[in-house]
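The values are calculated or read from the model by the stated rules, or taken from the named source; none is laboratory data. All values reported here derive from a predicted model rather than from experimental measurement. Every residue, glycine among them, receives a Cβ derived from its backbone with ideal geometry; neighbour counts consider all protein chains shown. Just the protein is used for accessible areas: all its heavy atoms, side chains included, with ligands, DNA and RNA removed. Shrake-Rupley method; radii C 1.70, N 1.55, O 1.52, S 1.80 Å.
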Amino acid sequence: MNLVAGLLLILPLAMAALLGLFGKRLHGKTPGLLAFGMAATCFGLAVAAFLHLRGLPEEARFVEASFWRWLDLGSGDQRLALDVGVWLDPLSVTWALFVTGVGSLIFLYSISYMEHEEGAWRYFSYLCLFLFSMLILVLGENLVLTFLGWEGVGLCSYLLIGFDYGKEVAARAGRKAFVVNRIGDVGFLIGMFWTWKLYGTLGHGEMKPIMAAVTAVPPLLALGYFVGACGKSAQLPLFVWLPDAMAGPTPVSALIHAATMVTAGIYLVLRLSPLFVAAEWALDVVAWTGAATALFAGLIALRQRDIKRVLAYSTVSQLGYMFLACGLGAFGAAAFHVITHAFFKALLFLGAGAVIHALHGEQDLWKMGGLKHHLPKTARAMTAGAFALAGIFPFAGFFSKDEILGVAFAQGYAGDPSRYVLWGMGVLTAALTAFYTARMMTLCFGGTSRVDPHLHPHEAPAPMAIALQVLMVASIVGGAALGFEALHWMPLHHWIDPVLAAPPHPTHLPPALNWGLMALAMMIAVLAWRIGAKWYGGDFAPARQAELTAPRFAKLLQGRFFVDELYALLIVRPLRFVAELCLEFDRRVVDGLFRGAGSFSALLSTTVRLAQNGVVHAYAFWMVVGAVLLLTLALA
Amino acid sequence: MLSETTAFLLFSAIALVGAVNVVTRRNPVHAALWLVGAFLGVAGLFLTLGAGLLGAIQVMVYAGAIMVLFLFVILLLNLDTTPFEGLSIARGASLLATAATVALIAFPFARARELRAAAVPDEPELPATAGNIASILFHQYALPFEVVSLLLLIAMVGAIHLARRPRRDEPT
Amino acid sequence: MNDLLLAGVILGPLAAALLLALWPKLAPEPARLLTLLITVATFVASLPLLATDAAGGMTRELDVPWIAALGIRFHLGVDGISAPLVVLTTLLMPLVVLASYGHVHDRVRQYCVLLLAMEAGMVGVFAALDLVLFYVFFEMSLIPLYLLVGVYGGARRTYAALKFVLFTVAGSLLLLLGILYVMHATGSADFAALRRATLSVREQAWLFAAFAAAFCVKVPLVPFHTWLPDAHVEAPTGGSVILAGVTLKMGTYGLLRFCLPLFPAASIEHAPLLLALAVVGILYGALLAWAQSDLKKIIAYSSVSHLGFVVLGLFSLQSSAATGATLQMINHGLSTGALFLLIGMIYERAHTRQLADFGGLARTMPRFAVCLVFATLSSIGLPGLNGFVGEFLILIGTWRDHPLAASLASLGVLLGAIYMLGLVKGLLFGPVGHPKTATWRDLTLREMATLAPLFALMIAIGFAPQPLLSRIEPAVERMLERPRLALEASLAPTAMPSVDEGAPPHDRAPGERR
Amino acid sequence: MVPQAWYLLLSALLFGLGIAGFVARRNTLVMFMSVELMLNAANVVFLAAARDHVPARGSACALFVIAVAAAEVAVGLALVLALFRLRKSVQADEVRELRA
């Protein structure tokens, strides 16, 4: 197993280095094929790890492999010892599986997508580096290694968003993503510092028994990690970077900004779930943040014109769902939603990429329409993804989303009325999701064509199509295959729940109520979808007119609640102002003080110099005066 | 023979009158000649102090050599009588300060009792004979003596260099 | 007992400097080549120094009488703290010589003389175990740098050089007074003996102030930092690299080597002040760096910020933080050295350092772009590279006792990303900024070779810092012993504990007058 | 015997006249003469003070003073010559080259 785990990390890194150093000499599809081969191998290795773990008895399902000692300092309770190694358990292997699985498909897709791009080798090198970072994030033996991957994926995201470095927008978006992520990272760091102080270790293996025994954790410690998770997983108020990150190539959006990297925050919360459970009100903060983000982003998504932005906000919204699940203590449900979301959101992004590819870079929904005639396969695949996103039975999203809502309702039912509010927010978000997904699909594929008549959209080449087909299948059956709570069919939960904290609140409803709620959610979703499809499906002109002459609230949505502007006004500009102020202060006061000391001596010497007037008589005079003074002193 | 006191008074008078005139004469030649007078007065005072050798040296070196040098320079430069330099506030202040200095120096002496009472004659240890002086100079003060000789040498070189007419190509 | 290797590492370059100085007919290029060879040889010779004592004691000691009448000895030695710093110094010198091919074309031989003299002085500072000897080397490294800035610098070089010298000399004057007092009070200037000497709390307070003043100016700690940006901006590339890479470390090294073990009670007393200054320096330096438009000034202020981390780690008095701080000295030398080299390279092409003049270099100079991004990542502490290890250790150690200071300092990590990525974006990305951008050729082989060792070390330290840390830690532990004891005894501050050393090199009774 | 104090008083007066000449006159030659007066006054003090104790030693000191005076005059007059050559004047207030 050590070899498998080691290879899982070394292969992507080696491939990244190989492509980075020599990729320039490779031509055409070679870099892409190499990278895809590597990713597929990694998926195979992850499957091997999975099979190995499954063969172990449930309580011994972990493998700790350490390659070398990274740091070893101090002694006694101040000892800080960290290895470079991997920690395989159901949680990390699950993540590794879908990261490499979805990853391989996106690598495959990228081969065609990037074929004619200049510098595709650089792109694939970054992708490999990303895969490495993501894997070390998930598999790392201790929190510091997780942090290494954490920052590493941030770096790759930065590099890939800014891939088209000539574009000012892309460069800006990349930097924004990195900086906002770093805000979260500060929280992560502080969480680690505190953890080490309290428990004296950061290793996952060593923390396992400690976390199992811990009963009270400072809520702020858990929230430190949560701030980190908010940054990485684009939660309020740190979500602003994700929509901008769409400046990167579309497969990157699919891989990093939808399926894998953004779920790292969920992974961290799941990994440390016992700490969160033991930290009084920390979980409530997580739940409310998640619900608020889900609703907030869902609202914004209603009025976006850029197809990728719609998907970006829907990602933020779905991530909010996952945090809601975490906050409710339904950690398994969160993991479930992460996986189904990875399937259908990757599918949607890749489909959008195929559309954009077909339209030579056009991303504006108002300039699409009627594409199902030109791109039937893409349309079919994307529809499956859209149904999954909207939570329509029997597509994947339905199962995971419904489980989360069911837990929220169950806790309300068990006597906590505030949970009904959370449930309500979830249901409202579900309705919004169905509506904007229908809007997006209809604007893109339905109705009459508004495409630039010079363009001749054509279906995507084979590798892209294959990736779409595979993901389509996963989006259709992925949910039902992994779990259906109402039928007590829960293989994923059985697999992953033992390494997660037990839910602190009840999660089960009476079956009748459960089925009823499910039907209600289903009806709401279908209804919302129908409204959306009808609204935008017919004549396009009134819909556009309605959006253009929107009332104030809709303007707010179109302006994305002006969060960016708010940030600029409240944080960036004041900070910039403080920096300029510091500069002036430094120049005038601090440096001025020292220069003042110099000027003072100069002034003094100028004054004294006046006495040195070159007149012999004056010197003689002062000499005599001095003599008088001395004599007076001597005689006195 | 003059009495000692009379001699003292006479020579002091000569020295003081000479000194006053040195300071006040406008013509440098006159001033120089009065300076000779002052030197001679001082030489006389040396005699009354029992330092015959010093008196002789004073006459030779000062009244002879140094004065000749002064006069020589004055004549070389062909100086006229300088006009009256006027009394500025600065000069007044300088003279005032001078007066204060003299007063401060003289004050303790003027109050001293010995000014009126004759001092008790005392047999001095080493009379200022040429032999005694030489013995002190060459034994006890041998090093200073050598240093002074070096100083004179340096002064000579310096004087020659300074007084030399600069060569054409040399910047003045 | 007496080992000549250290003396060789110091005297070799010094002798070479003398040789070059007295050989006026030597043409520039052979002189440069000779210097390169000598510095490389010095580097190779200094490598065995890394085999330090596992218990943290001094190795490679050389101890001979020097000024016997005053009890001053020529005492050299290295431990886990100084050995890496010495090797860092000897490593940077050949790179500086290599870099000089690009920007020094006049008075090359004299430039080489200055570099070699500088090297001797810097190594001496880290190796000296006698206060007076330390002071001599401390000053000796100052003069060549003054000339490097003042002769080979930019337009305002005279101002910058004078400012630099006045600041440092003002500080070191206090250091000299302090050393004189220590010698007067204890009768010895030998480090080993002084570690056992007992000084009253009052004396310690004054001496600490005097020593710390000199070192804080050198670090530089806010508010004594204003000389640094000026010096950096005007210095030639080599000067900047040395200044940032090594000279600043003398300050932090001095704090660790002298202030902490010699004046433990005062260190404890003043630790909160220094921690506060360090935090202010981290944030203030970062904000200033953000507000700059001159490339070198950005890096210069980032140094203020980074060295704030080092001081924070040292005065948290926590073993892993102080070890991290020592590692961070090395890291800062590597990353900032690389950044200054890169900026020098771009300056040679563009003859401007204004950020606004650049843009879009990633397309025309891909190799430069990769190197710059790499150095930047190291500088902002990306995990997996060297900077992270140091910063992480400093912060995690400091957090134990000073959570507020560590939290505020963590914001410095964030600000670091903001201004450094701003620099990267301004240089590399966006539309092409300078009309002549296309004519600038990418990094040459020589330039890549200059940077390669630094990058290799960044990765190596990032992934496997333990070999270095295991050398640093025991030595740092020794430096922290007395302050820790003093901290424990701080309830009864009049009693000053003295440390019992295993095998002191000189059996001199504490306080014995010579 | 004439009381020693009388000599001292006389010396003070001579010295004072010397100072007065030095500070009040602007002719460098006369200024030098004034300096000579001061030196003479000092010699009188030396001899008078030594009269009752070790006269030979006083004479020796006075001798040194005379030697130094000779040196000073030599250099001083050379300076006056150089000055005159430069300025065609020996007035001290016309020379301000030493102004800082």
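Computed from the C-beta positions of A:THR607 and D:ARG96 and an R0 of 25 Å, the FRET efficiency is 0.85 to the nearest 0.05. Debye-formula intensities of chain A, expressed as log10 I(q)/I(0) at q = 0.09, 0.12 Å⁻¹, are -0.71, -1.26 (one equal scatterer per alpha-carbon, no solvent). Diffusion coefficient (Stokes-Einstein, Kirkwood radius over C-alpha pairs, 37 °C, 0.692 mPa s) for the stretch D:4-87: 239 µm²/s, rounded to a whole number.
Relative to the current alpha-carbon distance between A:LYS534 and A:ARG588, full extension at 0.36 nm per residue lengthens the span by 12.9 nm.
Round to the nearest 0.05 the FRET efficiency obtained for C:ALA209 and A:VAL214 when R0 = 56 Å and r is the Cβ-Cβ distance.
Numbers: r = 46 Å, r/R0 = 0.82.
Once the sixth-power term is evaluated, E becomes 0.75.
Modelled spin-label separation between A:LEU487 and D:ARG87, with each label point placed 7 Å from Cα along the Cα-to-Cβ direction: 12.0 nm. Stokes-Einstein, applied to the Kirkwood radius of chain C over Cα pairs at a viscosity of 0.890 mPa s and 25 °C, places its translational diffusion at 108 µm² s⁻¹.
Of C:ARG107, A:ARG61, B:ARG26, A:ARG439, the residue with the largest accessible area leads and the full order is C:ARG107, B:ARG26, A:ARG61, A:ARG439 (1.4 Å probe).
Close amide H partners of A:TRP489, meaning residues 5 or more places away or on another chain with modelled amide H under 5 Å apart, are A:PHE484. Which residues of the stretch C:412-456 bury at least 40 Å² of accessible area once all protein chains are present, versus their chain alone (1.4 Å probe)? Residues of the stretch C:412-456 that lose at least 40 Å² of accessible area once the other chains are added: C:LEU414, C:ILE418, C:LEU421, C:LYS425, C:PHE429, C:GLY430.
Kirkwood Rh over Cα pairs of the protein assembly as shown into Stokes-Einstein at 10 °C, 1.306 mPa s: D in µm²/s?
On the way: Rh = 38.0 Å.
The Stokes-Einstein estimate is 42 µm²/s.
Taking 20 Å as the straight-line reach from the Cα of C:LYS218, the aspartates and glutamates in range (excluding those fewer than 8 positions away in the same chain) are A:ASP586, A:ASP591, C:GLU119, C:ASP130, C:GLU139, C:ASP230, C:GLU234. The residues of the stretch A:281-558 present an accessible area of 35 Å² per residue when probed at 1.4 Å with all protein chains retained. Residue order by solvent-accessible surface for A:GLU280, A:GLU403, A:GLU459 is A:GLU280, A:GLU459, A:GLU403, largest first, with ligands and nucleic acids left out and a 1.4 Å probe. Once both labels are positioned 7 Å from their Cα atoms along Cα-to-Cβ, the gap between C:LEU162 and B:VAL17 label points is 6.3 nm. Burial here means at least 30 square angstrom less accessible surface with every protein chain in place than with the chain by itself, probed at 1.4 Å; in the stretch B:61-79 the buried residues are B:TYR62, B:ILE66, B:LEU69, B:PHE70, B:VAL73, B:LEU77, B:LEU79. Cross-link partners for A:LYS345 among the lysines, with Cα-Cα distance under 21 Å and sequence neighbours closer than 8 places in the same chain left out: A:LYS232, A:LYS308, A:LYS372, A:LYS377, A:LYS401.
For the chain pair A and D, buried accessible area totals roughly 900 Å², probe 1.4 Å, rounded to the nearest 100. On the stretch A:201-293, 71 percent of the accessible area sits on carbon and sulfur atoms, based on a 1.4 Å probe. Relative to one another, the C-alpha centroids of the stretch C:349-377 and the stretch D:1-41 are positioned 81 Å apart.
Within the stretch A:43-86, the residues that become at least 50 Å² less accessible when every protein chain is included than when their own chain is isolated (1.4 Å probe; DNA, RNA and ligands ignored) are A:TRP70, A:LEU71, A:LEU73, A:GLN78. For chain D, the solvent-accessible area of protein heavy atoms averages 33 Å² per residue (probe radius 1.4 Å; ligands and nucleic acids excluded). When Rg and Dmax are taken over the Cα atoms of the stretch C:1-262, they come to 18.1, 58 Å. Per-residue SASA remark: C:SER470, around 60 Å² accessible (1.4 Å probe; ligands, DNA and RNA not included). Helix C:403-428 and the longest principal axis of the C-alpha atoms of chain C enclose an angle of approximately 20°.
In this simple spin-label model, placing a label point 7 Å from the Cα along the Cα-to-Cβ direction at both B:ILE154 and C:ALA27 gives a separation of 5.0 nm.
For the chain pair B and D, the interface hides roughly 6800 square angstrom of accessible area in total, found with a 1.4 Å probe. Measuring nothing but protein heavy atoms, the accessible surface of the stretch B:1-79 at 1.4 Å probe radius is 76 percent carbon and sulfur.
Across the protein chains, with a 1.4 Å probe defining accessible surface, the residues D:PHE22, A:PHE349 rank D:PHE22, A:PHE349 from largest area downward.
Of the accessible area of the stretch C:229-315, computed with a 1.4 Å probe over protein heavy atoms only, carbon and sulfur atoms account for 67 percent. Association of chains A and C removes close to 5300 square angstrom of accessible area from solvent, both sides included, for a probe radius of 1.4 Å. In the context of the full set of protein chains, the stretch C:1-135 has a per residue accessible area of 35 Å² (1.4 Å probe). Principal semi-axes of the equivalent ellipsoid, √(5λ) from the alpha carbon gyration tensor of the stretch A:564-635, are 59, 13, 5 Å from largest down.
Shape analysis of the stretch B:1-79 based on the Cα gyration tensor places the equivalent ellipsoid semi-axes at 26, 15, 6 Å, largest first. Histogrammed with a bin width of 5 Å, the alpha carbon distances of the stretch C:238-296 distribute as 4, 15, 15, 21, 20, 13, 8, 4, 1 percent, first bin at zero.
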